[in-house]
């Protein structure tokens, strides 16, 4: 679709070859009246209106784009531009047809049955630019689990046009499940090629927050400081065009951590930001629904070791249709390569310093996944997510490294920041 923008831009250009000076509008090279001026004005109007058609197309507003294109066809009937308009109309009709088919796939993202959700994901991953347009609109306008799934797909596609949309939604302080995905999505779609305007807008949002409602924004900015900026506060301040930005970010994160609203370490910004006090164990956040749909309770867990569905210990006795997120830090005793193992039924994902180590977010019987990562001695951020759709459920996290064999990861190595109302598991 971008090639059409390039073609349009080239179509608007005027050759200057052989001209020492552009004559005034409406005159010829000798200063007399230019008989071609009306034709040029008509061409400019045509190109401007066609650009409007393409803008509507890029926004997924195919019906409006088609109406405008048909009006142009009537106006330019029998003229050289007519063939281009016929081609444009045909393309719009094809895209409108595809969008109607993909709109059903969008509805599947919010379905109750996991198989329906997977079908919707697959169709939208393969749906080309029309699918991307629909997914961006969902993230822009919705905050439910359909928006969460749409943001994940755009992140998987590395859709760079989604970056500004993700940032605007983060600034709106969306529900926690969507905010979490938006942070990860921003990292995925921007990588180390930062959008300075996005970072400045997010920092402005953070500067106004006194209730720690914008901690996902702070998490992303802390990642920007630590990763793309290499922990260089001067570079970070220059990116934001804000002297003292690093210091203000540190102050916010420290205060948010002390209030139990935020845990920051590892690639989240530990090398540049103040570390919060911590206690042994890991914070577990337990949800109803397989996509972190409804928070139920939180507790401090000694380890991530749930051998069967009877050990989830939800207040209502829930054993399925649930999801859990654990966050904290793991203390690495020495430099070297470490292997993390996750036995699960159903899905699981594990990150160290915001880098994926294992990922099997599917419905499956008891399966062990593992991943290797080289770590320096010290504390590193760890995040584990798990869901159980129905029937049997379990998750056990183990690790091994230099000087010790495979063993359950426990509170001898795990720690987390305390939070208000914390209860031990």
Within segment 96-107, is even one residue within 30 Å of residue 151 (Cα to Cα), surrounded by 15 or more Cβ atoms within 10 Å (Cβ to Cβ) and modelled with pLDDT of 85 or more? yes
If you go through segment 175-205 one residue at a time, how many are more than 22 Å from residue 355 (Cβ to Cβ) and surrounded by fewer than 21 Cβ atoms within 10 Å (Cβ to Cβ)? 7
Count of residues meeting criterion [under 30 Å from residue 115 (Cα atoms) and within 26 Å of the chain's Cα centre (by Cα)] in segment 365-385: 7
Please state which one of 74, 91 is farther than 30 Å from residue 177 by Cβ, assigned to a helix (DSSP H, G or I) and modelled with pLDDT under 85. 91
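Results for (1) closer than 26 Å to residue 149 by Cα; (2) in contact with a strand residue (DSSP E or B) (Cβ under 6 Å, 6 or more places away or on another chain), shown as yes or no for each residue.
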{"site": "363", "(1), (2)": "yes, no"}
{"site": "368", "(1), (2)": "yes, yes"}
{"site": "387", "(1), (2)": "yes, yes"}
{"site": "402", "(1), (2)": "no, yes"}
Out of all the residues in segment 383-425, which are closer than 16 Å to residue 328 by Cα and in contact with a helix residue (DSSP H, G or I) (Cβ under 6 Å, 6 or more places away or on another chain)? 417
Only one of (1) touching a residue at least 40 places away in the same chain (Cβ under 8 Å); (2) farther than 17 Å from residue 385 by Cβ fails for residue 310. Which number is that? (1)
Looking at 102, 68, 85, which is the one that is more than 12 Å from residue 49 (Cβ to Cβ), in a helix (DSSP H, G or I) and out of contact with any strand residue (DSSP E or B) (no Cβ under 7 Å at 6 or more places or on another chain)? 102
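Say whether the condition of being under 16 Å from residue 380 (Cα atoms), surrounded by fewer than 16 Cβ atoms within 10 Å (Cβ to Cβ) and in the same structural domain as residue 378 (by TED's automatic domain parsing) is met by at least one residue in segment 311-327. If you could, list the steps in order and put the result at the bottom.
First, pick out the residues of segment 311-327 that are under 16 Å from residue 380 (Cα atoms): 326-327.
This time we only want the ones that are surrounded by fewer than 16 Cβ atoms within 10 Å (Cβ to Cβ), so: none.
The answer is no, given that none of the residues of segment 311-327 is under 16 Å from residue 380 (Cα atoms), surrounded by fewer than 16 Cβ atoms within 10 Å (Cβ to Cβ) and in the same structural domain as residue 378 (by TED's automatic domain parsing).
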Within segment 376-397, is even one residue exposed (fewer than 15 other Cβ atoms within 10 Å of the Cβ) and either more than 24 Å from residue 298 (Cα to Cα) or without any contact (Cβ under 8 Å) to a residue 40 or more places away in the chain (or both)? yes
Options 330, 342: the member that is touching a strand residue (DSSP E or B) at 6+ places or on another chain (Cβ under 6 Å), modelled with pLDDT of 95 or more and assigned to a strand (DSSP E or B): 342
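The values are calculated or read from the model by the stated rules, or taken from the named source; none is laboratory data. Keep in mind the model is a prediction, meaning the values are calculated, not measured. Glycine gets a Cβ as well: all are built from the backbone with ideal geometry, and neighbour counts include every protein chain shown.
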